[in-house]
1. Looking at LEU122, LEU145, LEU159, LEU178, can you tell me which residue is more than 11 Å from the chain's Cα centre (by Cα), within 26 Å of THR63 (Cα to Cα) and of a type in the set (A, V, I, L, M)?
2. Where residues in the range 126-142 are more than 13 Å from the chain's Cα centre (by Cα) and modelled with pLDDT under 90, which of them is nearest to ILE109 (Cα to Cα)?
3. Being outside any helix (DSSP H, G or I) and over 26 Å from TRP170 (Cβ atoms) is the filter here; which residues of the range 29-47 pass it?
4. On the basis of being of a type outside the set (A, V, I, L, M), closer than 16 Å to GLN165 by Cβ, under 14 Å from the mean Cα position of the chain (by Cα) and at pLDDT below 90, does SER11 make the cut?
5. Counting only residues that are open to solvent by 60 Å² or more (accessible area, probe 1.4 Å) and part of a loop (DSSP other than H, G, I, E, B), which one in the range 145-174 is farthest from ALA72 (Cα to Cα)?
6. Just the residues that are touching a Leu at 6+ places or on another chain (Cβ under 8 Å) and under 23 Å from ILE109 (Cα atoms), please, taken from the range 19-46.
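The values are calculated or read from the model by the stated rules, or taken from the named source; none is laboratory data. If you're wondering where the values come from, they're calculated on a predicted model, not measured in any experiment. So basically every Cβ, Gly included, is an ideal-geometry build from the backbone, and we count neighbours across all protein chains shown. Surface areas here come from the heavy atoms of the whole protein model, side chains and all, with no ligands, DNA or RNA. Shrake-Rupley method; radii C 1.70, N 1.55, O 1.52, S 1.80 Å.
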Amino acid sequence: MSRVLLNALDSLSPDERAAFVLNDVFGMDRDTVADIVGRTQPEVAELAERARHSLRVQRSRPTTPEEHDAVARAVRQACLSEDADLLASLLCPDATAFFDGGGKVRALIRPVHGGRQVAQSLLTLLARHPRTTLSAQSVNGRTGLVVRYDRQVAAVISLDIADHQVAQVWVILNPDKLRSWNPPASHT
């Protein structure tokens, strides 16, 4: 059981994990937690809520790696074909998408809630640009999506999948977090 708990907590971002553990487990008030993690009280509330939601999803409806892979590849195909209805059908009705631009690239600041809204947000992000590719590959140990513009990784998308549908979408656009995906060009 402890391995399951550690894996679940490990799936959270460091700030989500801190907000959840300090607030929900140790009972610290949000002002104290905000001071510790260097965020505002509303941001701490949002982090803790995201953590609780993510942990509920993982506990209630785990998927096998094969199921996860199949859904991720179906999401990729729906995005490539720009099929909003198909994409929305692959998302839970209460799906949530989080966009991390890190203040370095333009990205949605607040999470997007609802299957149709998340589908539209993804399709807007992936709108046809010349020399853009979308591939399915390993992201955090599970199949995710990698967006490249001119061969440079511009976004990495992780998917939390439960009951054969995407429950959460995590879109990393922050170039600092994408450095490991974009090694410097070797000069010969």
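1. LEU122
2. Ranking the qualifying residues of the range 126-142, first place goes to LEU126.
3. The answer is ASP29, and nothing else.
4. no
5. It comes out as ASP150.
6. Scanning the range 19-46 gives ALA19, PHE20, VAL33, ILE36, VAL37, ARG39.
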